[in-house]
Ligand code: SF4
Ligand code: SF4
């Protein structure tokens, strides 16, 4: 296993981090503990020393399971990360209360890397107002946390605003070879690198979409490439020298083994210009397939009839881009409530003038209704 030093500490973190959000489960939806402990121990024995969990993962079971695992090994030989569930916090006292409960779940007296979970344009000002910087400063001073950071899902402007608002130790955001210009993306990577703070990358496979079905246009780009889709996706992230840890939410023993095998031979700068130009062409091939150029600015909302316009358009775009109707049909039904779907559009036209991209939203809603029906 290879290790990189967290810029603001002397901690040497394994370049592969264990994301504890996708453990294998039993029929009742609970974590399959036997399998999950075996996966955690295999990773530990093979040098993985960074374990990332969060309050909501597996409905709270993930933190508890990780806590049991910490009791089975030498606590000081690993680094533990978990996150404050910002959307549940209503007062300054709540922050201490959640952290103290998390220390209990994890059966430890300190959390090495503590993050504010999923900060965005809306939650960051609210957390600031409630005194989150005072909370983090206090928790560091009394030793309950060692380093403070935030995980992030929003646009680059918001990322910059948050990053520059405080003396963070590290940040965690989506980094993969497709999304270089999406959310924080490579601009976020460059900014965090300049500031000298640690970068934990998540979603290297874009939720598995980069290794599932591959459109013909993308497959053509990778023709004769000896690497597997998984290897390509992970190597692109490991090639970035300021990315301290790549988090992988592994859900089977086979995935743990394969991720570790690849991590053992990965290193920064492994990709040459020719390789990088191929990634660039693959990215362009994906992007060229996007049928609706929605920037997710949300100016079209609210729709008086309840249509979740950006989510509906986004799910359809991804279905076409990844050539994977079945998976996105499932996502459409799982994540977009019935009352917010495309078929609720009555073509009132209220959204049209608000869209800076001049998207014919009402017409697309008809296409999407038929596609996902
Ligand atoms: S045209 Fe359709 S999507 Fe747009 S505001 Fe009217 S009902 Fe909503
Ligand atoms: S206003 Fe247009 S570009 Fe912005 S989210 Fe709505 S549909 Fe997309």
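Here are the numbers for this structure:
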read-out	value
Column: log10 I(q)/I(0), Debye, Cα scatterers of the range 1-160, q = 0.09, 0.12, 0.17, 0.18 Å⁻¹	-0.30, -0.54, -1.06, -1.17
DSSP-defined antiparallel bridges as percent of all bridges, the range 8-128, nearest 5	10 percent
Euclidean distance of C-alpha centroids, the range 289-333 and the range 243-270, integer Å	31 Å
D_trans [Stokes-Einstein, Kirkwood Rh over alpha-carbon pairs] for the range 162-273, 4 °C, 1.567 mPa s, µm² s⁻¹	86 µm²/s
Anisotropy class of the range 309-372 from Cα gyration tensor, a/c 1.5 cut	prolate
Residues listed by number, the range 158-202, amide nitrogen under 19 Å from residue 5 label point at 7 Å toward C-beta	169-171, 193-200
Inter-label distance for residue 134 and residue 343, nm, one decimal - labels placed 7 Å from Cα along Cα-to-Cβ	5.2 nm
Alpha carbon centroid spacing (whole Å) that separates the range 154-215 from the range 47-76	24 Å
Principal-axis tilt of helix 185-195 within the chain, Cα atoms, nearest 10 degrees	30 degrees
Full-extension gain in nm, residue 287 to residue 264, via 0.36 nm per residue minus C-alpha separation	5.1 nm
Likely footprinting exposure, 251, 151, fewest C-beta neighbours within 10 Å first	251, 151
Helix axis angle, 132-141 relative to the chain longest principal axis, alpha carbon, degrees	20 degrees
Relative contact order, percent, the chain [alpha-carbon distance under 8 Å, six or more residues apart]	15 percent
Exposure proxy order (Cβ contacts within 10 Å, fewest to most) of 90, 35	90, 35
Which of 25, 315 has the fewest Cβ neighbours within 10 Å, and the rest in rising order	25, 315
Approximate spin-label separation residue 212-residue 77, in nm, with each point projected 7 Å along Cα-to-Cβ	3.7 nm
Residue 109-residue 180 FRET efficiency (beta carbon distance; Förster radius 45 Å; 0.05 resolution)	0.65
Added length on full extension, which subtracts the Cα-Cα distance from 0.36 nm per residue, residue 68 to residue 367	102.7 nm
When the convex hull of its Cα atoms is projected in every direction, mean area for the chain (nm²)	19.0 nm²
Gained length - residue 195 relative to residue 255, 0.36 nm times residue gap less alpha-carbon distance	18.2 nm
Percent RCO, i.e. relative contact order, over the range 6-57, from Cα pairs under 8 Å lying at least 6 residues apart	50 percent
For the chain, share of DSSP beta bridges that run antiparallel, in % to the nearest 5	10 percent
Estimated translational D of the range 19-107 in µm²/s (Stokes, Kirkwood radius over Cα pairs; 20 °C; 1.002 mPa s)	157 µm²/s
Average Cα contact separation per residue, the range 309-372, under 8 Å, 6 or more apart, as relative contact order %	34 percent
Nearest 10 degrees, 0 to 90: helix 361-372 Cα axis against the chain principal axis	70 degrees
Candidates 249, 207, 198, ranked by Gaussian network fluctuation over the chain, Cα under 10 Å, top entry	207
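Values quoted throughout were computed directly from the atomic coordinates according to the rules given, and no laboratory measurement underlies them. What you see is a predicted model; the values in this text were computed from it and never measured. Here the Cβ is made from the backbone with ideal geometry for all residues, glycine too, and neighbour counts use every protein chain on show.
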